[in-house]
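Asker: Handing you a structure now.
What follows draws every value from the coordinates through simple rules; no lab data is involved. None of the values given here were measured: they were computed from a predicted structure. Please note: Cβ atoms are built from the backbone with ideal geometry, for glycine as well, and neighbour counts cover all protein chains shown.
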Amino acid sequence: MLYKVKCAIIIVEAILLIKKNMPKKSNSAFMKPLKLSADLEAVVGKGPMPRSEVVKKLWAYIKKNNLQDPKNKRNIVADAKLKPVFGGKAVVNMFEMTKLVSKHLS
């Protein structure tokens, strides 16, 4: 019985060692730099950059300029720079925002 337990432990340790030494795979499609439209570059800076970085910089811009609706934090009130990105809409919810931003990425 003790022999079987020791064998099982050795096998588990070997599997963990193999997994630890394997190179980590990143999701290359998720990290692929995309070209930005001129309207979007005015807000987040020069591209190309991955979608995740665009969203991160967009949220930084929104928070820096206090553009979230104070009563409903899910809504973003567009300023002059964001209106072209949001298709001319004055107020956009955060879920709609990602859809509208996608139109400015290629």
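Asker: Going through the stretch 6-36 one residue at a time, which ones are in a loop (DSSP other than H, G, I, E, B) and touching a residue at least 24 places away in the same chain (Cβ under 8 Å)?
Answerer: The one that is in a loop (DSSP other than H, G, I, E, B) and touching a residue at least 24 places away in the same chain (Cβ under 8 Å): Lys35.
Asker: Within the stretch 37-82, which residues are among the charged types (D, E, K, R), surrounded by 12 or more Cβ atoms within 10 Å (Cβ to Cβ) and part of a loop (DSSP other than H, G, I, E, B)? Full working, then the answer.
Answerer: Narrowing the stretch 37-82 to residues among the charged types (D, E, K, R): 39, 41, 46, 51, 53, 56-57, 63-64, 69, 71, 73-74, 79, 81.
Okay, now just the ones that are also surrounded by 12 or more Cβ atoms within 10 Å (Cβ to Cβ), so 39, 41, 51, 53, 56-57, 69, 74, 79, 81.
Once the filter is applied, which keeps residues that are among the charged types (D, E, K, R), surrounded by 12 or more Cβ atoms within 10 Å (Cβ to Cβ) and part of a loop (DSSP other than H, G, I, E, B), the stretch 37-82 yields Asp69, Arg74, Asp79, Lys81.
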